[in-house]
Amino acid sequence: MWPAIWIVWTAIFAVAEGIALANKKENDTLSENFRRLFRTRTSKVGRAIFAVGWFGFSGWFAIHILTETM
């Protein structure tokens, strides 16, 4: 059942992001919302927090997948 749930979740995200990209309205894509949340255009602290979080997650996820650890 879980693979189906992940597939549906991914499909819903892809459709929502596709609609947001196609309509070209502001603040509707995932990227735009992350920029706004972390204030990456105006805050060095926000940029740093996002960068540390992103690289931390990416590093952990790569190790998690490649070594099959939790």
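Data for the structure
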| item | result |
| --- | --- |
| With all protein chains modelled, accessible area of Ile12 [1.4 Å, Å²] | 110 Å² |
| Cleavage-rule hits (GluC sites (Glu not before Pro)) in the stretch 17-65: DSSP loop, at most 14 neighbouring Cβ within 10 angstrom | Glu26 |
| The chain - percent relative contact order, Cα under 8 Å, separation 6 or more | 12 percent |
| Sequence ranges 56-69, 37-50, ranked by mean other-Cβ count within 10 angstrom, highest first | 37-50, 56-69 |
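The values are calculated or read from the model by the stated rules, or taken from the named source; none is laboratory data. Quick caveat: nothing in here was measured; it's all calculated off a predicted structure. Glycine gets a Cβ as well: all are built from the backbone with ideal geometry, and neighbour counts include every protein chain shown. Accessible surface areas use protein heavy atoms only, side chains included; no ligands, DNA or RNA. Shrake-Rupley method; radii C 1.70, N 1.55, O 1.52, S 1.80 Å.
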